[in-house]
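Everything on this sheet refers to the single structure shown next.
The values are calculated or read from the model by the stated rules, or taken from the named source; none is laboratory data. Note that this is a predicted model, so its numbers are computed, not measured. With ideal geometry, Cβ positions are generated from the backbone for all residues, glycine too; neighbour counts draw on all protein chains shown. Note: accessible area is taken over every heavy atom of the protein model, side chains too, but ligands, DNA and RNA are not part of it. Shrake-Rupley method; radii C 1.70, N 1.55, O 1.52, S 1.80 Å.
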Amino acid sequence: MSANMLGGRYQVQDRIGTGGMATVYRGLDEVLGRTVAIKTMLPQYANDPSFAARFKQEAQAAAALQSPYIVSVYDWGKDADTYYIVMEYLRGTDLKSGIRKHGALDCKKVAQIGSQIAQALSVAHRHDIIHRDIKPQNIMVQPDGNIKVMDFGIARAKNSHLTQDNSVLGTAHYVSPEQTQGKELGPTTDIYSLGIVMYEAATGQVPFQGDDAISVALKQVNEQPKPPSQLNPNVDPQLESIILKCMQKNPADRFQTADELYRTLRDYLAGRMQAVNSATAMLPAQATSKLERGSAARATPASTAAMPRVERSGRIRTQTATEQAAAEEAERARKHRRNVVLGVIGGVAAVALIVFALVSLLGGGTQTAKVPYIIGLTPEEASDVITEAGFVPGEPEYIHSSSVDEGLVCEQDPMAQREMPLGSTVNFKVSDGAPPAAEVEVPDLRGKTQEEAEALLEQYGLLARRGDDEESDEYEEGEVSSQDQEPGTMVTEGSTITFHISSGEGQVVVPDVQSDSESSARTRIEDAGLVASVQYATSSTVDEGYVISVSPGVGTALDKGSTVTITVSSGPETVTVPSVIGWTYNEALKELSALGLNVSLASGSSADGIVTDQTVIGSVEAGASIVLTTQLPEPTTPEGGTGTGSGNATSDGSQTQGTTTGQSA
C-alpha cells in the first residue's frame, strides 16, 4: 500500500473520525471520480484473526443492505496489512450533535426520524443482521432532513460466533436490558435502543444517567424511565406511548418487528389516532400519557381502559377488578347527573330531537352515517371504502406531503367520524411525495481552494465533487479553475457540483517552421506562447530569408514563455578571386583551391606554364569553377645566349613553325 493509496484506486485524504477499532478518512475514488469515506482497521487489530474476521464480516453484511436510510457500502478489501471498507461519503451532522445544539425536537420530527430508522432496521433484520449499537451518534442527519444509519461495526449475523466479547460492545445509555445481561439478542434489542433514541430526541436527555457505564447499565435492567412528558410537557400522549412500548424491559412487550414500529409511527404521522391507540393498547402497567400530572379526565375511553393507576407517591400499580368496577360505576353516576341537568336545560331541544326521530321513522327525514377514515389508503381503496359506507368518492387531488408516503391518501373532507347525509361526496387528497427541494443558485468557485469551494457549496446546501485536474494559465496551481455548472445557474438543493483544480500553466510544443520565411516563423512561434530568437547563416541550399533550422527541435514540449532559436539563411557564401596572371600554374592552383574554387586548365595549356589568362576575377560564389590558360616560358640557347622566336608550345614542350637565332658565347 502506498502512503495515500489503497487498492490502487482509492486516494486517502484527511481523517474524519476514529472509532473503537477503525479510523475513517475522506477519500477519492480515482476510477469514478467521487468522494468516498474509507474505514481502515486500526493497526493493533490488523493482525488479530478474530477482529479481521469481524471486519470482513461487517463489510460483507453491510454491502448487502440496500436502503435509502442506510449508508451504502461500495467496496472492501485488504491492501498489504490494512483492511479497508469504502462507503458513501455523508454530509450533515449526527443526531447527537443536533440534539445538543437544538435541544428537544418537535414530536412530528421525532416520529419522522424514528420511522426512517425503523425502516433501516427492518431491512437489516430481514437479512438476520442486528445492529446492536443504535444511538444518536450513529444516525447522520443529511441536509435534506432525512437520516442514514451508520456503523454496522458491531452488527452481527444472528448466529455469528464472532461477537462473544459482549461486555465491550455498545453504549451503556442505549443498550437493552438483555444486552446488558449477556442474553441472546433479537430484533427487539434494536427496537429498545431506538426507543431511547426517540426518548432523547423528544426530551433532550437520555432516560438513565449515572456516574459510570455499569451504573447506567443496571438502571437499564432495574428502573422504569420517567414518562417523556414529565421532562417535556409538549410530548403528546400517543408518541409517548409508542416510545415507552419500545422501551419495555421484557422484549415480548415491545413492538416485535421494526416494520410494526414503522407502521405505527406512520399512522401517528398521518393522524390515525385509533390505529396508534390499538398498537399500544396492551402496554403493561407504566405511565404512557400525562395522567401523572392529573389530566386523567381528558383521556379518551379507549386510552383510559389501558391506563395504569398512578399513586401520589409516584409508584405505578395496576387497578384491581373491584377498583376498576367501582370507578366505572362512579363514572356512570356522574354521567347520569350530567345528563339530567342537560335534559332540563335542553328540554326544548330534546323535544325537537324526538320530533325529528319520528319524522325519520315515517320516512320523511334524511339518513346519515359517519364518514369512514381513509387516510393512508390508496385512491382505489379509499374509493371502495367511501362507496361501501354509502357516500360518493370525489376525484382525488394530488398534493405534496412530507408525512405520508407517495400514492396514499393524506387528507380527507369531511373528516372521519363526522355525521353526514348518505350520498354526500367525500373528497380526498393523495400524497404526491415530499415537496420538491428548493432551488439554489450555484456560487462562483473559481480561484478558491478545494476546501474553500467545498465549504461554500455546503453553505448553499449543495454537494461537492472534484473532477479531473486541468492546466490553466489564469489560475494558480491548487485553485479551482473551472466548474461544470456555470455560476448563477439555478439547481435543486442537494445537487452535486463538479469543479476542477488548476495544475498550473500548461506546456506547448515547438511548431514546425522550417522552410518558413523569417516573418512567418516569428509569428507562429509567438502565437504559440513562445519567444523567437533569430540568427543568420549562409546556405547554398536554402534561399536567403528562409529558415534553415530550429532549436529546440520541432515538436519539443516547452513551458510557455520559453525561447526558440531559428537560423535564417543569408544566402550562399562568396569569395573574391584574385588575379593570378603571370603566376606559375602550380602557384595559382594552390591559391585558388584554398578559396574553395574548382580550378582547371584551358585546352592546350600546360601545367608547367605561366598563367596568361583566367576566366573569373572578383566576387564569385564559393565553389565556383575557374579556368586558367598557361604558356611555356622562352628557352635559353646552349651557349648561354638568348634567343627569340615565335611559335606555339605543344604539350610536350616542342616548338612548331618557329625560328630561332642565337649567338655563341
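Cβ-Cβ distance of Asp608 and Ser540, R₀ of 56 Å, FRET efficiency by 1/(1 + (r/R0)^6): the value works out to about 0.95. Each 5 Å bin, from zero up to the one with the longest distance, holds this percent of the alpha carbon pairs of the range 164-279: 2, 12, 23, 23, 20, 12, 6, 3, 1.
The solvent-accessible area of Arg522, taken with every protein chain present and a 1.4 Å probe, is close to 80 Å².
Largest to smallest in accessible area, the residues Met415, Met87 fall in the order Met415, Met87 (1.4 Å probe, all protein chains included). Excluding ligands, DNA and RNA, the accessible surface per residue across the range 462-569 is 53 Å² with a 1.4 Å probe. Compared with the alpha-carbon gap, the fully stretched path from Asn586 to Leu601 is longer by 4.3 nm at 0.36 nm per residue. Take every pair of alpha-carbon atoms less than 8 Å apart whose residues are at least six positions apart; their mean separation over the length of the range 382-435 yields a relative contact order of 48 percent. Around the amide H of Tyr536, modelled in the peptide plane, lie the amide H atoms of Val568, all under 5 Å away and 5 or more residues distant in sequence or on another chain.
Given the pairs Lys226/Lys429; Lys109/Lys448; Lys78/Lys448; Lys108/Lys135; Lys109/Lys429; Lys39/Lys245, which are separated by over 28 angstrom at their Cα positions?
Values: Lys226/Lys429 39 Å; Lys109/Lys448 37 Å; Lys78/Lys448 36 Å; Lys108/Lys135 19 Å; Lys109/Lys429 22 Å; Lys39/Lys245 36 Å.
The answer is Lys226/Lys429; Lys109/Lys448; Lys78/Lys448; Lys39/Lys245.
If you average the alpha carbon positions of the range 418-468 and of the range 561-598, how far apart do those two centres end up, in angstrom? So the separation of the two Cα centres works out to 86 Å. The simple Förster model, with R0 at 60 Å and r as the Cβ-Cβ distance, assigns Glu634 and Glu470 a FRET efficiency of 0.10. For Phe428, the accessible surface of its heavy atoms amounts to roughly 10 Å² (probe 1.4 Å, protein chains only, rounded to the nearest 10).
Across Ser503, Ser569, Ser625, the residue with the most accessible area heads the list, and the full order at a 1.4 Å probe is Ser625, Ser503, Ser569. Each residue, Asp484 and Gln11, gets one label point 7 Å from its Cα in the Cβ direction; the gap between the two is 1.6 nm.
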